[in-house]
Amino acid sequence: MFDCSILAPIHHFLLTETPDEWIREAQRPENLPILLRDHLLCELKAAQSAAFLMRRYAVDEQGRRQLTEWLSPYEDFAYKKTGSLASLRATSHISKQLTPRPDCSYSQNMIDKMVLLIKEELHHFYQVLEIMEQRGIPYQSVPASRYAKALTQCITTHEPDALVDKLIIGAFIEARSCERFARLAPYLEEDLQRFYISLLRSEARHYQDYLALAEQIAGRDISARIAFFAAAEAELITRPDADFKFHSGRPS
């Protein structure tokens, strides 16, 4: 169904697979709307997180404005409920020609990786919205799950370790998304199955890009920090969770 070699590094990186109980819950037809709505917002949040990192660490003031303008139509749709598929289709895209901060040795590498990530995540946002419209599922905002918030509460307060932690967390979120897409795909209808399989390669690369940036910026062995977040992430995925979302834990 898909190239299993894509998932081998993911399974090595994550400490646990998605629980079977979550898969059974995701298969229930009545849960498809919440799954798609939450997935839609997860794609936007992934793009926002990458843009935040560039604004905070890698680009000049003009670049910050460009990033804000790029994401605004998607944020307006999600939070203000303005715009449509057609208006998002017409959205102009930014290039990698953002000016890196001259005082930052890793800024160009971050720009190269994060701009590509944002492009892909916003395209996935559009694809999920398209699927929702085809299935007659209206967009509704849903509150975020505990997953990302719980991980970010563990971020170190001083730099550059805070940035390294943010990048490691980004790697785990992308890796879990990839693993969950692959676990869920066989149980979905054919069109959704094809869609989720199509996401695997980009999600796997996103996890690797985040990890490579973390290692570059740290300039030292970060295996202990990766292990810390791996344990925290696995605990969130396996702990009973009453709130069913795309990154929620074991259904209680």
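The values are calculated or read from the model by the stated rules, or taken from the named source; none is laboratory data. Because the structure is a prediction, the values reported are computed rather than measured. As a convention, Cβ positions derive from the backbone with ideal geometry for all residues, glycine included, and neighbour counts pool all protein chains shown. For the accessible areas, the whole protein counts, side chains as well, though only heavy atoms, and no ligand, DNA or RNA atoms are used. Shrake-Rupley method; radii C 1.70, N 1.55, O 1.52, S 1.80 Å.
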Q: Name the single residue, out of those in region 198-211 being open to solvent by 40 Å² or more (accessible area, probe 1.4 Å) and in contact with a helix residue (DSSP H, G or I) (Cβ under 8 Å, 6 or more places away or on another chain), that is nearest to Ala171 (Cα to Cα).
A: Gln208
Q. With (1) more than 17 Å from the chain's Cα centre (by Cα); (2) of a type in the set (Phe, Trp, Tyr); (3) at pLDDT 95 or above as the list, and Tyr187 as the residue in question, which single condition is left unmet?
A. (3)
Q: Scan Ser72, Ser49 and give me the residue that is out of contact with any strand residue (DSSP E or B) (no Cβ under 9 Å at 6 or more places or on another chain) and open to solvent by less than 40 Å² (accessible area, probe 1.4 Å).
A: Ser72
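Determine which member of the set Lys149, Lys113 is free of Cβ contacts under 8 Å to residues at least 12 places away in the same chain and basic (Lys, Arg).
Lys149
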Q. Yes or no: Arg65 assigned to a helix (DSSP H, G or I) and under 22 Å from Ser198 (Cα atoms)?
A. no
Q: Could you pull out the residue among Leu117, Leu88 that is under 18 Å from the mean Cα position of the chain (by Cα), surrounded by 15 or more Cβ atoms within 10 Å (Cβ to Cβ) and of a type outside the set (D, E, K, R)?
A: Leu117
Q. Could you list, in sequence order, the residues of region 224-252 that are among the small types (Gly, Ala, Ser) and either assigned to a loop (DSSP other than H, G, I, E, B) or touching a residue at least 40 places away in the same chain (Cβ under 8 Å) (or both)?
A. Ala230, Ala231, Ala232, Ala234, Ala242, Ser248, Gly249, Ser252
Q. Can you tell me which residue in region 224-234 is farthest from Leu122 (Cα to Cα), limited to those that are open to solvent by 10 Å² or more (accessible area, probe 1.4 Å) and touching a helix residue (DSSP H, G or I) at 6+ places or on another chain (Cβ under 8 Å)?
A. Arg225
Q: Being open to solvent by less than 10 Å² (accessible area, probe 1.4 Å) and not β-branched (Val, Ile, Thr) narrows it down to one of Leu15, Leu35, so name that one.
A: Leu35
**Q.** Criterion violated by Ala86 - all others in (1) assigned to a helix (DSSP H, G or I); (2) in contact with a helix residue (DSSP H, G or I) (Cβ under 9 Å, 6 or more places away or on another chain) satisfied
**A.** (2)
Q) Does region 126-147 contain any residue that is among the small types (Gly, Ala, Ser), surrounded by 15 or more Cβ atoms within 10 Å (Cβ to Cβ) and assigned to a helix (DSSP H, G or I)? A) no
**Q.** Considering residues of region 162-192 that are free of Cβ contacts under 8 Å to residues at least 24 places away in the same chain and part of a helix (DSSP H, G or I) only, the residue most open to solvent (accessible area, probe 1.4 Å)
**A.** Glu190
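Filtering region 212-223 down to residues that are farther than 17 Å from Asp112 by Cβ and in a helix (DSSP H, G or I), which residue is most open to solvent (accessible area, probe 1.4 Å)?
From region 212-223, those farther than 17 Å from Asp112 by Cβ are 218-223; that's our starting set.
If we keep only those that are in a helix (DSSP H, G or I) as well, we get 218, 223.
Numbers: Ala218: 23, Ser223: 63 Å².
Among those that are farther than 17 Å from Asp112 by Cβ and in a helix (DSSP H, G or I), it is Ser223.
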(Q) Being at pLDDT below 95, outside any helix (DSSP H, G or I) and under 24 Å from His247 (Cβ atoms) is the requirement here; does Pro102 meet it? (A) no
